[in-house]
1. Take the alpha-carbon centre of segment 39-68, take the same for segment 87-104, and report the distance between them in whole Å.
2. How many percent of the alpha carbon pairs in segment 28-69 exceed a separation of 15 Å?
3. How high is the FRET efficiency from R30 to T53, r the C-beta distance, R0 25 Å, rounded to 0.05?
4. Compute the long axis of helix 60-73 from its Cα atoms, compare it with the longest principal axis of the Cα atoms of the chain, and write down the angle in degrees, 0 to 90, nearest 10.
5. Where does helix 82-92 land angle-wise versus the long Cα axis of the chain, in degrees 0 to 90, nearest 10?
6. Do the alpha carbons of any pairs in K37/K88; K16/K98; K37/K96; K16/K90; K34/K98; K34/K90 sit beyond 26 Å of each other, and which pairs?
7. Sequence neighbours fewer than 8 away in the same chain don't count; with that in mind, list the aspartates and glutamates whose C-alpha is under 15 Å from K100.
8. Which value results when the Cα radius of gyration for segment 1-60 is divided by 2.2 N^0.38 Å?
Amino acid sequence: MRSRGITQERVARQLKTTRENVSILESRARRNIKRAKATIEILEDLGMAIRITIKPETPVLEISNLILKKADDANVRLQFDCVDLLEKIKMRAKNKIKAKKVVNPISVVLLPYGDLLVE
């Protein structure tokens, strides 16, 4: 809600809590995101995570092939089938896809246990 411009006060009213509590939760969320990004960087440095950049003009249906090839090359078994993989990408990067093509680069991090993050 905060990312959509809703004030802490209004969020607090909707969640039936205090503005101070919303502030604390935001602060913790920022800290957790920072820690998660640091963990991903370490995994990448160790060669345990693979960053894949999906370039503009890539057809949406080609995205899963690119990711599956990288996963195969790294001997990582994905936790998703092609349909779930595309759904996750489209949900997380919806503002980077228009008319069944990528319009802005999409960064995907393939994690060693088969999950992935979409940035």
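1. Value for the Cα centre distance between the two parts: 14 Å.
2. Details: 506 of 861 pairs.
Everything past 15 Å amounts to 59 percent.
3. On the way: r = 25 Å, r/R0 = 1.01.
Efficiency, rounded to the nearest 0.05: 0.50.
4. It is inclined by approximately 70 degrees.
5. The two axes meet at around 40 degrees.
6. Numbers: K37/K88 19 Å; K16/K98 38 Å; K37/K96 21 Å; K16/K90 32 Å; K34/K98 29 Å; K34/K90 24 Å.
In this structure, K16/K98; K16/K90; K34/K98 lie more than 26 Å apart at Cα.
7. E57, E62, E87
8. Details: Rg = 17.6 Å, N = 60, 2.2 N^0.38 = 10.4 Å.
Here the answer is 1.69, to two decimals.
Any read-out appearing in this document is the output of simple, stated calculations on the displayed coordinates, not a laboratory observation. Keep in mind that what you see is a predicted model, and the values were worked out from it rather than measured. In this analysis, Cβ positions are derived from the backbone assuming ideal geometry, glycine residues included, and neighbour counts consider all displayed protein chains.
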